[in-house]
Amino acid sequence: MDLWLIWLITAAVLAVAEIFTLTAALGMLAGAALVTAGFAGVGLPLPFQFLVFTVVATVSILFVRPIALRHVLQPQVARFGVDALVGSPAYVVSEVTGLGGRVRIGGEEWTARAYDETLVIPPGTTVDVMEISGSTALVYPRE
């Protein structure tokens, strides 16, 4: 079996293992094996293939992996969908109790319940959206 094919199979096995671990280290090693397969394909002797693999793997793990992890682990900058509504003000359209009611959030009317089930919030009150549960806003009156 040709050496370039062995390196290619090694790269594929490492890439599949990376999918299951999500550490980025095995992906960098798979990339190094792929580069080495290219050098093996042009006839580089085996000791130099190991040197190429070692250099590419070291450089990628020391320099590329931290950059990749920084991008992956960044906190989400903006909230989307119903998550964006949490913390926003709402206007009570019909009386809100622990059982139900209606509020207007950003121009849309939502079903609502009081965040504190003992509260009764009259119409016209401005409330804060504390949580969204399904299609119901849990609200608490502003002080």
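The values are calculated or read from the model by the stated rules, or taken from the named source; none is laboratory data. From a predicted model like this one, the values you see are computed outputs, not experimental measurements. A quick note on method: Cβ atoms are made from the backbone with ideal geometry, for glycine too, and the neighbour counts reach across all protein chains shown. Please note that ligands, DNA and RNA were not included when accessible areas were found on the heavy atoms of the full protein model with its side chains. Shrake-Rupley method; radii C 1.70, N 1.55, O 1.52, S 1.80 Å.
Just a few scattered comments:
- Unit charges at the beta carbon, dipole of region 67-143: most positive-side option, Gly124, Ile67, Ile105: Ile67
- Excluding exposed DSSP-loop trypsin sites (Lys or Arg not before Pro) (at most 14 other C-beta within 10 Å), longest clean stretch of the chain: 1-78
- Point-to-point label distance, Val120-Ala68, nm (Cα→Cβ direction, 7 Å offset): 6.1
- Protein accessible area in the chain, 1.4 Å probe - carbon and sulfur %: 68
- Descending semi-axes in Å of region 62-111, equivalent ellipsoid built from Cα gyration tensor: 41, 10, 7
- Summarised in one figure, the compactness ratio Rg/Rh of region 1-69, Cα atoms and Kirkwood Rh, is 1.00.
- Distance (nanometres) between label positions extended 7 Å along Cα→Cβ at Thr23 and Tyr91: 5.6
- Relative contact order for region 3-143, counting Cα pairs under 8 Å that sit 6 or more residues apart, in percent: 16
- Solvent-accessible surface ranking, highest first, for Glu131, Glu18, Glu108, Glu143 at 1.4 angstrom: Glu143, Glu108, Glu131, Glu18
- Potential extension, Val55-Leu99 segment - 0.36 nm per residue separation minus Cα distance: 9.3 nm
- The listed residues Ser133, Ser88, once ranked by accessible area (1.4 Å probe) with the largest placed first, stand as Ser133, Ser88.
- Solvent-accessible surface of region 83-143, averaged per residue with a 1.4 angstrom probe and all protein chains in place: 56 square angstrom.
- Summarising the amide proton neighbourhood of Thr125: residues at separation of 5 or more, or on other chains, whose placed amide H is nearer than 5 Å comprise Val92.
- Using C-alpha pairs under 8 Å with a sequence gap of at least 6, the mean separation divided by the residue count of region 38-107 gives a relative contact order of 16 percent.
- Inter-centroid distance (Cα atoms) of region 44-99 relative to region 1-35, Å: 23
- Solvent-accessible heavy-atom area per residue, rounded to whole Å², over region 26-72 at 1.4 Å: 60
- Stretch gain in nm, segment Val82-Glu131, where the contour uses 0.36 nm per residue and the Cα spacing is subtracted: 16.7 nm
- Screening the chain for whole DSSP H helices with an alpha carbon extent of at least 15 angstrom along the helix axis and a mean Kyte-Doolittle hydropathy of at least -0.5 yields 3-21, 25-41, 46-59.
- For region 29-143, convex hull volume per residue from C-alpha positions, Å³: 152
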